[in-house]
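A.B. asks: One structure is given below, represented as structure tokens, and several questions about it will come after.
We did not get these values from a lab; they are worked out from the coordinates using the rules stated. As the structure is a computational prediction, the values presented were derived from the model and not from experiment. As a convention, Cβ positions derive from the backbone with ideal geometry for all residues, glycine included, and neighbour counts pool all protein chains shown.
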Amino acid sequence: MDCEVPLPPPPRIRHRSPSHRPAAPSSLRKTYRLSRLDDRSSQPSSDPALFSSDDIPASGLENYHAPVSSGNRKRRYRGTWWGEMVKDPKRKRADFKDKRLVDSGVWMGSDESGADSVLPSSEASNWGEDFLVPEERLNPLAQSLNQSSLQGQQRGMGVRKVEESQEHQFARTIVNDCLERGHDSVDLSNAYLKVVPPDLLQPLQHLTKLPTVREAPVTEEVYSSLQPFLRLFLAGNGLTAVSGGLFELDALRVLSLRNNKLTDIPPAIRQLTMLQEVNLSVNRLQRLPWELLWLIKKGDLKHLTVRPNPLMPIEDAEIAQWHYPDETTPESIEGALKMSQYEGPAPEEAWAPIHVATGPVRRFNMEGFPVDETRLSGGRVSEPDRTATRVPSLREVSLLSFSRSSFFDQIPDSEMTEFPALMLRLLRYAREVRNGGGRHCSVCHRAFVIARAEWIEWWDCATYENGLKGPRTPGESLRPLPFRRLGCSWSCVPRVEIESGPECP
Amino acid sequence: MAATNSSQSEYVTIVSGDGFEFVIPRSTACVSGTIRRMLEPSSKFSEALTGRCVLENISGVVLEKVCEYFCYNQRNKNQTNVPDMDIPPELCLELLMAADYLDT
């Protein structure tokens, strides 16, 4: 249901419901759910028709002269024309509701006309509008039934209502509105969202633009592409993390996460291959995911706004290898970080991102703890078969396939606490990674959970930061950005390192 | 099996808690850090002497998958494109426990 494009809300229908009989708690909840959350209008709203019967044998033409028994009246029954009888007229509503599973498409009588006569209680006639049914209304009922189970359910319902906060409802309204009108620019900025609810953005995948041609005169410019140019603005929301659901919108062209509280952008942003413009400014990012760079080089990304952010300055960072202007370590960083001189038309190099430097590689062991590099060189861990292999560890293999399985979401946190602490840590880690949209090795593209290597690459993307307006001028100083790269094994590290490494095959 | 040549023997036996025995090459078994340390000749553990490791807390079903992993690891050790290994989801948690125990 979630993936379906929501239809416009159906005309409001007053549902009459069997209030004169003690309602079971389950039917209470069913009514609630059916009428509102599913937006299904297949609730019975009309009485069963009254039929009379001529087909009793005694009334046939051939029996015209047969003696008429005293009781031979036309049989009347209340029920459907296909023969279903309503057994007890007192309980007909309930029976009818149980039988009527499929919408027959036949609506008899007016919904409004009979409602009051059948239902003397004014309280129950409000049930159609039960979005506003407060818990107080249900409470006296519950008390009269004296059912503690209902109380429990109500508390559950209460919790659900709290979860769907006003902000989320507001955001949902905006999204639905955009879907309905075919607006491909979804503005959820300053909507006070602390988190993006997981299923909020999914329907946008199916957004279709509506044709703009409504009436004459039809000129050239009214013809526009119906391919949605999906833009999503989540600016000014106080988001602390980006959920994986965002990265399933693979048609997204413009994404703004400006002015939030993000500390990290998940590498899964790479799935948004159609992205053309990203705004990540005014956040708490210290580094960017390397996948953004991939989107620049291999994808469509043309405008990347990342400043201001507390990004790591290259001057303070530890550098293992310089790549620009040459492979040697410069004496002074300020002097080195200059675009090389060129004359005439700008060479391709003046446009493309420049790889300035690479930071040292941090390695992690199979449990995801950083490995002490000094111990690595002398200790037993540096055996060649342990370092050079690309084979994932058994922990990694089972974590990965577990986080892909459907069981993963079904384990409640309470159950997880019973697991051994070591596993608990790994499982929580895996859940975090999965919520962020998963990870793929930046070297070998394999999906993984526990990163085994991490390093920073410094790239100058000045041309992309100003939206490809112009090439770098000769001698322009470079302001490289830190991009964090993750590797899935100790072999998935920068090439330089492998070449110089002693254990290289 | 004599204790002297078992340390050089090519195959070792790994026994699950419920009595299933898996005979696998020594180098393959040494993918696991725990088993490698058990079998280290200098350790004088009984496992090292007999070439037989009993893993009481791992069931046969899980140990079979573990051995499959050992072979998978051994086979792909020097490959650049490592294929994925299939793990039935119901075994994942137990395998994770086993992986933790076996240090692999």
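A.B. asks: Once the other residues with Cβ under 12 Å from the Cβ of A:GLN276 are scored (Lys, Arg +1; Asp, Glu -1), what is the net sum?
C.D. replies: With Lys, Arg at +1 and Asp, Glu at -1, the net is +1.
A.B. asks: Rank-order B:57-69, B:83-95 by packing density, defined as the average count of other C-beta atoms within 10 Å over each peptide's residues, highest first.
C.D. replies: Put in order of decreasing packing, that is B:57-69, B:83-95.
A.B. asks: Distance between the C-alpha centers of segment B:49-69 and segment A:388-432? Whole Å please.
C.D. replies: Here the two parts' Cα centres lie 21 Å apart.
A.B. asks: Scan around A:VAL186 for amide H atoms under 5 Å from its own, H built in the peptide plane at 1.01 Å from N, and keep only partners 5 or more places away or cross-chain.
C.D. replies: The list, which skips near neighbours in sequence, is A:ARG231, A:LEU232, A:PHE233.
A.B. asks: Follow-up. Once phi is turned into θ = phi - 60°, what whole-Hz ³J(HN,Hα) does the Karplus curve with 6.51, -1.76 and 1.60 give for every residue of segment A:459-470, x standing for Gly and Pro?
C.D. replies: For segment A:459-470, the Karplus curve yields 10, 9, 10, 3, 5, 7, 5, 9, x, 6, 7, x Hz.
A.B. asks: Is there a pair in A:LYS209/A:LYS297; A:LYS297/A:LYS469; A:LYS209/A:LYS302; A:LYS209/A:LYS469 whose C-alpha atoms are over 27 Å apart, and which pairs would that be? Don't jump to the answer; show the numbers that get you there.
C.D. replies: Details: A:LYS209/A:LYS297 29 Å; A:LYS297/A:LYS469 17 Å; A:LYS209/A:LYS302 24 Å; A:LYS209/A:LYS469 30 Å.
Listed pairs above 27 Å: A:LYS209/A:LYS297; A:LYS209/A:LYS469.
A.B. asks: Let me make sure I get this right: for segment B:3-102, a, b and c are the square roots of the gyration tensor eigenvalues over alpha carbons, sorted descending. Under 1.5 in a/c it's rounded, otherwise prolate if a/b > b/c, else oblate. Which is it? Present the calculation step by step, with values, prior to reporting the outcome.
C.D. replies: Numbers: a/c = 2.19, a/b = 1.36, b/c = 1.61.
It is oblate, given that a/c is not under 1.5 and a/b is not larger than b/c.
A.B. asks: Where Lys and Arg each count +1 and Asp and Glu each count -1, what net charge lies around B:PHE20 among other residues with Cβ under 15 Å from its Cβ?
C.D. replies: -4
A.B. asks: Another one. Of A:ASP460, A:ASP326, how do they rank once you tally other Cβ atoms within 10 Å and put the fewest first?
C.D. replies: So the ranking, lowest neighbour count to highest, is A:ASP326, A:ASP460.
A.B. asks: From a point 7 Å beyond the Cα of A:PHE229 in the direction of its Cβ, which residues of segment A:303-332 have a backbone N at a distance under 13 Å?
C.D. replies: Counting only backbone N, you get no residues.
A.B. asks: If you don't mind, there's one more thing I want to ask. Excluding A:ASP300 itself, what net charge comes from residues whose Cβ is under 10 Å from its Cβ, given Lys and Arg +1 and Asp and Glu -1?
C.D. replies: Values: positive: A:ARG253, A:LYS298, A:LYS302; negative: A:GLU277.
So the environment of A:ASP300 carries a net charge of +2.
A.B. asks: So for the pair A:LYS194, A:LYS302, with labels modelled 7 Å out along Cα→Cβ, what separation do we get in nm?
C.D. replies: About 3.9 nm, to one decimal.
A.B. asks: Right, here's the next one. What is the distance in Å between the Cα centres of segment A:294-329 and segment A:162-181?
C.D. replies: Going from one Cα centre to the other spans 38 Å.
A.B. asks: Amide H neighbours of A:SER477 under 5 Å, at least 5 residues apart or on other chains, H built in the peptide plane: list them.
C.D. replies: Counting only residues 5 or more places away or on other chains, the set is A:MET339.
A.B. asks: What are the ³J(HN,Hα) values, in whole Hz, obtained from phi via the Karplus relation 6.51 cos²θ - 1.76 cosθ + 1.60 with θ = phi - 60°, for each residue of segment A:254-264 in sequence order, with x given for Gly and Pro?
C.D. replies: With coefficients 6.51, -1.76 and 1.60, one gets 10, 10, 10, 10, 5, 6, 10, 10, 6, 9, 7 Hz.
A.B. asks: For the peptides A:234-242, A:415-423, A:286-294, what is the packing order when you average, over each peptide's residues, the other Cβ atoms within 10 Å and list the highest mean first?
C.D. replies: In decreasing order of mean packing, A:234-242, A:415-423, A:286-294 become A:286-294, A:234-242, A:415-423.
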